[in-house]
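Bear in mind these aren't lab numbers, they're just calculated from the coordinates by the rules spelled out. Because the structure is predicted, anything quoted here is derived from the model rather than measured. Cβ: placed from backbone, ideal geometry, glycine included. Neighbour counts: every protein chain shown.
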Amino acid sequence: MKKIPLIAILLITFGFTYWAFTKKDSPPGDDRETEIKNDTEDNSEYWESVTTADQTPDYQPPHPEHDFYSDGPKTRDGIGKYYQGREIAHVMGHPAINWLERREREQEEAPKKALDLIKLAPGEVLADIGAGSGYYSLRIAMNHLNARVVSVDIQPEMIDFLKERAEQLEINNVSPHLGKIDDIGLPDQSINAALMVDAYHEFSHPYEMMTSIASALKSGGRVYLLEYREEDPDVPIKPLHKMSQEQAKKEMALAGLVWDKTIDDLPWQHFMVFRKP
Ligand SMILES: C[S@@+](CC[C@H](N)C(=O)[O-])C[C@H]1O[C@@H](n2cnc3c(N)ncnc32)[C@H](O)[C@@H]1O
């Protein structure tokens, strides 16, 4: 066997050590950013494939020049901004993930019952807006393997948690999506249904959010709105995190959505269904 010169061995050893060293020391944040970027790219390709040209005319926000918001007294759980007479609640921060995922949730709120009421046909897309940790998103995706769930939230920590859970459980029909406070950022007429569970009352821009949801919905699309019942003093939830049916109907109507029905079978929440005409 030919002798390999010592200088070549030294060069190979040095090169390998340098590669291994730099690879190990990459900051973890870089990986995370790349993952999020990839996710966005994946989603945009996906959205291009689901949007079609043969749709009804574009949705126009019913009140483009609206001035619906007013400032008012800021209470402990609110932001001092008012919409249609109600103070908007603070956003629940990601440290509350444990509360969203609590074991007693099934016993207290009966989410299994609510999940049964959410209809999703094969091939349909449902956007879970204010998805949080993905409590609903992941269960819906598992119950409807031939449909897709887009989980929208404004907190990157919620999106990261949900994404990790989906990977652990090998759920492939969920697309986590980082939205903005006033725009879900999904293409027009790209979804069949939208779901909001205990989230709508904390949207800081409810009118803009609802009009962006309405434009993303296909004609005839459904909105499932679950809010704690304000009319029921026995529901043990802070007042600003509750909503009456009357209030919800008024606010959805402003975005051009039509009330279809309310199913009041859940222990704490109204289960309301609206439609895009
Ligand atoms: C109380 S949590 C409910 C989470 C989930 N729906 C559940 O029931 O487990 C409300 C969520 O809405 C999100 N949120 C608030 N404003 C939002 C907005 N404008 N767009 C999307 N998500 C929003 C918050 O970040 C939070 O994760």
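This table checks each residue for (1) more than 10 Å from the ligand (Cβ to nearest atom); (2) among the polar types (S, T, N, Q); (3) free of Cβ contacts under 8 Å to residues at least 60 places away in the same chain.
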{"position": "GLN107", "(1), (2), (3)": "yes, yes, yes"}
{"position": "LYS113", "(1), (2), (3)": "yes, no, no"}
{"position": "ASP128", "(1), (2), (3)": "no, no, no"}
{"position": "GLY132", "(1), (2), (3)": "no, no, no"}
{"position": "GLU164", "(1), (2), (3)": "yes, no, yes"}
{"position": "GLN168", "(1), (2), (3)": "yes, yes, yes"}
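How many residues are surrounded by 22 or more Cβ atoms within 10 Å (Cβ to Cβ), within 14 Å of the ligand (Cβ to nearest atom), touching a residue at least 40 places away in the same chain (Cβ under 8 Å) and not in a strand (DSSP E or B) if we restrict to the stretch 212-239?
Summing the residues that are surrounded by 22 or more Cβ atoms within 10 Å (Cβ to Cβ), within 14 Å of the ligand (Cβ to nearest atom), touching a residue at least 40 places away in the same chain (Cβ under 8 Å) and not in a strand (DSSP E or B) in the stretch 212-239 gives 2.
I want to confirm something. Restricting to the stretch 134-155 and keeping residues that are within 11 Å of the ligand (Cβ to nearest atom) and assigned to a loop (DSSP other than H, G, I, E, B), which single residue is surrounded by the most Cβ atoms within 10 Å (Cβ to Cβ)?
If we take residues in the stretch 134-155 being within 11 Å of the ligand (Cβ to nearest atom) and assigned to a loop (DSSP other than H, G, I, E, B), then GLY134 is surrounded by the most Cβ atoms within 10 Å (Cβ to Cβ).
Can you tell which of MET209, MET158, MET196 is farther than 30 Å from PRO64 by Cα, within 9 Å of the ligand (Cβ to nearest atom) and not in a loop (DSSP other than H, G, I, E, B)? Break it down into steps so the answer makes sense when it comes.
Working: MET209 fails: farther than 30 Å from PRO64 by Cα; MET196 fails: farther than 30 Å from PRO64 by Cα.
Only one candidate qualifies: MET158.
Has the stretch 111-126 got any residue that is surrounded by 12 or more Cβ atoms within 10 Å (Cβ to Cβ), of a type in the set (D, E, K, R) and either in contact with a Gly (Cβ under 9 Å, 6 or more places away or on another chain) or assigned to a strand (DSSP E or B) (or both)?
no
Need the failing condition index for GLN245 against (1) touching a helix residue (DSSP H, G or I) at 6+ places or on another chain (Cβ under 9 Å); (2) of a type outside the set (A, V, I, L, M); (3) more than 15 Å from the ligand (Cβ to nearest atom), just the number.
The failed condition is (1).
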